[in-house]
Structure formats: C-alpha cells, structure tokens
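Here's the structure, in structure tokens; my notes come after.
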Amino acid sequence: MSDVTAYREWHRALRTFKLSADHHPCDWCGNWASRWIYDGSRADAEQGSGAFVFVEDTSAYVPLCDSCTGTFTAARRRLSYAELVDATPQLAAAARENVSAFTRADVLADTAKRREVAAETQMTRLGRAPQSAVRTTNDLLSRAYASRSAPPPSL
C-alpha cells in the first residue's frame, strides 16, 4: 500500500473514531475546527513520508481551524518536533486571543448538538439504527399492540 493510500485510509478511520473535525471546537482558539492535525508527539511511531506522515494513535491528533492549521504547519516546517512541542502553548495562547469569548461560547453550546446528529449519522452508516429511530419504532409497536389482547413481542 502506498504512503498516500495508507494516509487517506487512516484519516478515514480517524473520522470514524472521533467524528469529523468540524464537530469539535479548535483545540487552540476555540472556533470551529476544520481538520484533524497530527501534533508530532509520537515521532517514534510515524508511518509514511513527506507530507503523508501519520500515526495510528487517535490521541496524537487535535482538531484545528484553518487559521490555526496554517500557523501550526508554518511552525512545523521551521521547527523540530521537540521545539514544536515547546512552542505549541505560546502559539495556542496567541490564537485564543484572536477569537472572542462570545464565539467560543457559541461553539461550545452548539458542539453537543452537532455531535449528537453526527453520532446518529455514523450509526446509520455503520448499519445500526440511531437511538431515536429505535425509540420511535418501539413506541409505534407498543401502541399497535396496546389495542390487541396479546402482549407485544419482546424486542
């Protein structure tokens, strides 16, 4: 398998495990994230090469918005991983100052709703009915069998 194919497959699996990044606030500034970024913390377990480096560890990825991704990528190009780990808190603090507290509060308030919708979509995609559909079906069956003398079948 080529580096590009392995990289794409891992990112597809990452979205399955942790949902799409746009269902999370940016780890640095608190605005809506747009992509998962490998933070460089597991250099000993890296696979791939060049622009297609990845690690098969979901904890090594953080959700970042486009602006913070650009800042992180520029820092990663000029710094070693050890220097990047030291510089990340300052970069994140600077990014956080550029986003208003109101925006961060709106993002946090909407995050739970987005994750719930995404989880139901993901369950459907994986071949299992979302919980709301299961509850609706159970209610309909209960009402249908309530008028009969026989008890409803157990589910």
- Message: Using a 1.4 Å probe on the protein heavy atoms only, what accessible surface does residue 39 show? Give it in Å² to the nearest 10.
- Response: 40 Å²
- Solvent-accessible ranking of 115, 12, largest area first, probe 1.4 Å: 12, 115
- Order 16, 136, most accessible first, counting only protein heavy atoms with a 1.4 angstrom probe. 136, 16
- Is the shape of the stretch 1-108 best called rounded, prolate or oblate, per the rule: a/c under 1.5 gives rounded, else a/b larger than b/c gives prolate, else oblate, with a ≥ b ≥ c the square roots of the Cα gyration tensor eigenvalues? oblate
- Sorted by accessible area with a 1.4 angstrom probe, largest first, how do 113, 18 fall? 113, 18
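The values are calculated or read from the model by the stated rules, or taken from the named source; none is laboratory data. The shown structure was predicted, so the numbers you read here are calculated from the model rather than taken from an experiment. What goes into the accessible areas is simple: the full protein's heavy atoms, side chains included, and nothing from ligands, DNA or RNA. Shrake-Rupley method; radii C 1.70, N 1.55, O 1.52, S 1.80 Å.
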